[in-house]
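Chemist: Please read through the structure below; I'll follow up with questions.
The values are calculated or read from the model by the stated rules, or taken from the named source; none is laboratory data. Predicted model only: the values in this text are computed from it and were never measured. Counting neighbours? That spans all protein chains shown, and the Cβs are built from the backbone with ideal geometry, glycine included. What goes into the accessible areas is simple: the full protein's heavy atoms, side chains included, and nothing from ligands, DNA or RNA. Shrake-Rupley method; radii C 1.70, N 1.55, O 1.52, S 1.80 Å.
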Amino acid sequence: MFKFLAGLPGVLGVAGFFAYIWAGQSRIGGEILKQIVTKLRTAPNLDVGQYTTLTPAKIGKLIESDSRVREVVNEQDQKLLRLLIILQHVLTVVVLLACAGLVALSIWLISRPEPLSVSALAPQAVAPDAKGVLVDLDPIVVQWTSTGKDEPVSVFLENVDGGRRTQKKTVSSNVRSVRFEPSEVFEAASSRGFGTNRIRSVIEWSANTSVSESKDLLVGIEIDLLLNGRLVTPHGKQRTIHTLFATIDQSTEHLPQDYCFNVDLVARSNDGPPLIIPLHSCNRDGEVQIPALKQVNWSRPVELVYGGPDDPRIVRTRVSGEP
């Protein structure tokens, strides 16, 4: 449709030019030209063929070349005819310029870059553990499709309910993808309780703004197993302690105090076979006993696998502390 509309002025220009050449010139002068042609036609000693297609310029050349025609056309008619010839030349120049302008306009419209058009796509998860679910602990990618000329666009995530936004990132429109790290995603996640936020992608450019459909951004839970911590009693005694807590934003206040969960400590034993140690903890008392801890081969990777009760896609685990 854009190409058709762009070519329309050129079509009109060419059609107008040929219409003027074919019929427009013979209509210049109107009644005056008809009177002169009538005189030529009724003259007994003249044979002027196809007089209906004669233009002022053609009649002028006929008068100059044939003395018999000059005798039929009086001086006043010749003066008027000269004015009509001048008018014909002027109109021809105007028509040519106008038609050329229309053709040039079409060439410019067709050859110029198409205006930028952007369509924002819903935010996408990139972390393998999320399995397509948006979690505020993971990076999020904003993608879009674009057509037309390239220009800078501003990209950000927006909270649908609270209006909070991430910082804008300015890139070229042909990049079509921007990554937001968890610390940046956090700026748009206004709800920090145990639940969800609704966010969407927003892309701005010089002429317009594109907003994607909204998607749920789940508040992630972090499970931290801290090994070999040191507990100091009110009496000054010290002992080794292992703690296992579930947190949101590195705090237990956003989760119920009676929140309980299960994890498996997965490692390699010192003698080679896999070692799986089931653990259970509650936030009201995060101390856990790990009797088989001395069997773990700490030179090999050690993982903590979440076992419920919540969706494991929103949970991230971490093991820290001196073995």
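Chemist: Please work out if ARG230 is in contact with a strand residue (DSSP E or B) (Cβ under 8 Å, 6 or more places away or on another chain) and open to solvent by 50 Å² or more (accessible area, probe 1.4 Å).
Modeler: Values: in contact with a strand residue (DSSP E or B) (Cβ under 8 Å, 6 or more places away or on another chain): yes; open to solvent by 50 Å² or more (accessible area, probe 1.4 Å): yes.
Answer is yes for this residue.
Chemist: Can you tell me which of (1) within 20 Å of HIS254 (Cβ to Cβ); (2) surrounded by 16 or more Cβ atoms within 10 Å (Cβ to Cβ) is the one SER183 doesn't meet?
Modeler: (2)
Chemist: Residues to consider are ILE221, ILE241; find the one that is surrounded by 18 or more Cβ atoms within 10 Å (Cβ to Cβ) and either under 27 Å from PHE180 (Cβ atoms) or out of contact with any helix residue (DSSP H, G or I) (no Cβ under 8 Å at 6 or more places or on another chain) (or both). Lay out the reasoning, then the answer.
Modeler: Details: ILE241 fails: surrounded by 18 or more Cβ atoms within 10 Å (Cβ to Cβ).
After ruling out the rest, the residue left standing is ILE221.
Chemist: Tell me which residues, restricted to the stretch 259-317, are of a type in the set (Asp, Glu) and either open to solvent by less than 60 Å² (accessible area, probe 1.4 Å) or in contact (Cβ under 8 Å) with a residue 40 or more places away in the chain (or both). Talk me through it step by step, then tell me what you get.
Modeler: Here is the first cut: in the stretch 259-317, the residues of a type in the set (Asp, Glu) are 264, 271, 285, 287, 303, 310-311.
Result: ASP264, GLU287, ASP310, ASP311.
Chemist: Ok, one more. Can you name every one of the strands (runs of 3 or more DSSP E) wholly within the stretch 249-323 that holds 2 or more residues which are β-branched (Val, Ile, Thr)? Can you show your working first?
Modeler: Working: elements: 260-268, 274-282, 303-306, 315-320.
Ranges flagged: 260-268, 274-282, 315-320.
Chemist: Identify, from the list LEU91, LEU102, LEU97, the residue that is touching a Leu at 6+ places or on another chain (Cβ under 7 Å), within 30 Å of PHE17 (Cβ to Cβ) and open to solvent by 60 Å² or more (accessible area, probe 1.4 Å). It would help to see each step written out before you state the result.
Modeler: On the way: LEU91 fails: touching a Leu at 6+ places or on another chain (Cβ under 7 Å); LEU97 fails: touching a Leu at 6+ places or on another chain (Cβ under 7 Å).
Answer to the check: LEU102.
Chemist: Considering only residues of the stretch 206-248 that are under 39 Å from the mean Cα position of the chain (by Cα), of a type in the set (A, V, I, L, M, F, W, C) and in a strand (DSSP E or B), which is farthest from GLY321 (Cα to Cα)? Talk me through it step by step, then tell me what you get.
Modeler: At the first step, the residues of the stretch 206-248 found to be under 39 Å from the mean Cα position of the chain (by Cα) are 206-223, 247-248.
Next cut, of a type in the set (A, V, I, L, M, F, W, C) only: 207, 211, 217-219, 221, 223, 248.
Okay, now just the ones that are also in a strand (DSSP E or B), so 211, 217-218, 221, 223, 248.
Values: VAL211: 45, LEU217: 31, LEU218: 28, ILE221: 20, ILE223: 14, ILE248: 20 Å.
In this case the residue turns out to be VAL211.
Chemist: Next question. Anything in the stretch 187-218 that is under 30 Å from SER281 (Cβ atoms) and open to solvent by 10 Å² or more (accessible area, probe 1.4 Å)? List them, or say none.
Modeler: Matches in the stretch 187-218: SER190, SER191, ARG192, GLY193, PHE194, GLY195, THR196, ASP216, LEU218.
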